[in-house]
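Working notes, structure below.
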Amino acid sequence: MVNWLKINTRCPSSFIFGKSSSNWRNFPDEVINFSGSRNGSHPRTFITLLFGTVLGFMFATLISSTTMRQPWMPESYRQREPPTIVSDPHTGNELRGASGPEQDVGQHAAHEEAHAHENASLANQLKREVRILCWVMTNPNNHKSKALHVKRTWASRCNKMLFMSSVEDPLIDSIALPVSEGRNNLWAKTKEAFKYIYQHHLDDADWFMKADDDTYVIVENLRYMLYSYSPSHPIYFGCRFKPYVKQGYMSGGAGYVLSKEAVKRFVEDAIPNPLCRQDEDGAEDVEMGRCMEAVKVLAGDSRDSVGRGRFFPFVPEHHLIPNHVDKDFWYLKYTYYKPDEGLECCSDNAISFHYVSPNQMYVLDYLIYHLRPYGIVGHSQPLPKKFSLGDIVRVDDLGKTTPKPSNPQQRRNRHSNLRDQATNEIQKDVTYSHIEAKEPNT
Ligand SMILES: *[C@@H]1O[C@H](CO)[C@@H](O)[C@H](O)[C@H]1NC(C)=O
């Protein structure tokens, strides 16, 4: 180090700082005078030290700049670092924070490539027969950042789409409900939203789907599931959780869908009913579940014919990857039906995923509606059988209706995914005590 300093201090100052640097020439004189008056050391020694310090600093800066980010880079350049991975298992992906694209990503033309060979006649038929009004819970902060990306992706597949907010905004045609904003007002907003729908749009649809502005819905699969049921059945579907409400309740984030009869009961009977929470507080989905039970709207089983789920409170990754979430994760304790691991988790006709970032809405749209493995051509499964009310409810679930009780023969004839409530209760208890006994606390 000493040799290094000596060698470099022998270089003329102009070599390093340039001949025109008059400031530099003045600077050492002051230092020399100052140091000289202090301890009387030789000026040249001090210059050597100063040069050494300055050059050492420059050298260190040079080395560190090759291993760390460059502090002199423009801000826009520095931001090109890989995004930090978010490890919270329930929010999940690193794109969650990314804002969606400014411009619409566009569409492929129907006559292009794979689309020219698609046959959507069955989906179109269901769009006429199983009419769905979707409504999205949003707020003024999310109109542009989230709701707009719902509007540009899955919204148009609903028969009608309403964005429920507290402010009218032409960007998303939002509706200004008479509520104040905030997480504590979600319950109030839900009640107002269904009142608005009841007053203005009850005849525009058969089913009424609530989703968040970060929920992605595959509307065709929703119609396929609902095809078996009648809008006059008092029933609703979603991702079923088991605590708080006897028959369970539907996760708010995964979205839930009410039959027309359920909407009527909710607005006419539940909202004025003291069994139903009257103020604006409370968890929206739990309160909804309590109200539904209070007016005898059945919590439906939305699993497919082989028992795989269709409504999901997280992104696909979280359900698909075995052991992705901790065994103690609340979801595994909340879920009404024991979730299977790996591909068994998820129906090929899945309906919804939650915590989908704005960018991921477009990615899912691409994967679901565009990307095709060449040479594999699917035919839609045949339409499922339609159920009568007697097929789906037990006598003590019937509330306002008075159909006959189901007998063992009818039960045997039931569609395999429609296990009756009693069986579910027993299965649930068995499977959960089984899990809790087997799994160590981690
Ligand atoms: C499209 O599918 C329907 C049945 O889903 C069938 O009846 C119809 O013939 C098909 N159209 C074409 C052009 O293949």
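Run the numbers for residue 348 and residue 102: contour at 0.36 nm per residue of separation, minus the present Cα-Cα distance, in nm. List each step's numbers first, then the result.
Numbers: separation 246, 0.36 × 246 = 88.56 nm, distance 3.17 nm.
Going from the current span to full extension adds 85.4 nm.
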| said: I'd like the distance separating the alpha-carbon centroids of segment 150-193 and segment 295-332, in whole Å. | reply: 25
| task | Treat each spin label as a single point 7 Å out from the Cα along the C-beta direction, and report the residue 180 to residue 281 distance in nm. | result | 1.4
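Given the pairs 146/260; 195/260; 195/296; 160/246; 242/327; 210/296, which span a C-alpha to C-alpha distance of over 23 angstrom in this model? Display every interim value, and only then the final one.
Working: 146/260 28 Å; 195/260 13 Å; 195/296 19 Å; 160/246 32 Å; 242/327 17 Å; 210/296 19 Å.
146/260; 160/246, as the Cα separations exceed 23 Å there.
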| task | Could you tell me which of 298, 198, 329 has its Cα farthest along the dipole of segment 117-372 towards the positive end, charges placed at Cβ (Lys, Arg +1; Asp, Glu -1), taken about the Cα centre? | result | 298
| Taking a ≥ b ≥ c as the square roots of the eigenvalues of the Cα gyration tensor of segment 117-372, is the shape rounded (a/c under 1.5), prolate (a/b larger than b/c) or oblate? | rounded
| Distance (nanometres) between label positions extended 7 Å along Cα→Cβ at residue 203 and residue 173 | 1.9
| remark: Once the dipole of segment 117-372 is set up from charges on Cβ (+1 Lys and Arg, -1 Asp and Glu), the residue from the list 170, 141, 126 lying farthest towards its positive end is 126
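Accessible area of segment 117-372 with a 1.4 Å probe: how many percent of it is carbon plus sulfur? Each step should come with its number before you reach the end.
Values: 4830 of 9820 Å².
C and S fraction of accessible area: 49 percent.
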| said: Taking 25 Å as R0, compute the FRET efficiency from the Cβ-Cβ separation of residue 374 and residue 122 and round it to 0.05. | reply: 0.70
| query | So, in nm, how far is label residue 273 from label residue 320 when the simple model puts each one 7 Å beyond its Cα toward the Cβ? | reply | 4.0
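What is the dipole size for segment 117-372, taken about its Cα centre, with +1 at each Lys and Arg Cβ and -1 at each Asp and Glu Cβ, in debye to the nearest 20?
On the way: 31 positive and 34 negative charges, 75 e Å.
Magnitude of the dipole: close to 360 debye.
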| In square angstrom, what is the accessible area per residue of segment 117-372 with a 1.4 angstrom probe? | 38
| task | Of the options 225, 243, 342, report the single residue whose Cα projects farthest towards the positive end of the charge dipole of segment 117-372 (beta-carbon charges: Lys, Arg +1; Asp, Glu -1). | result | 225
| query | Which whole-Hz couplings ³J(HN,Hα) result when phi for each residue of segment 332-343 is put into the Karplus expression 6.51 cos²θ - 1.76 cosθ + 1.60, θ = phi - 60°, listed in order with x for Gly and Pro? | reply | 5, 8, 7, 5, 6, 10, 4, x, 8, 8, x, 4
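The values are calculated or read from the model by the stated rules, or taken from the named source; none is laboratory data. Worth saying up front: this structure is predicted, and the values here are computed from it rather than measured. So basically every Cβ, Gly included, is an ideal-geometry build from the backbone, and we count neighbours across all protein chains shown. Ligands, DNA and RNA are excluded from the accessible area calculation, which covers all protein heavy atoms including side chains. Shrake-Rupley method; radii C 1.70, N 1.55, O 1.52, S 1.80 Å.
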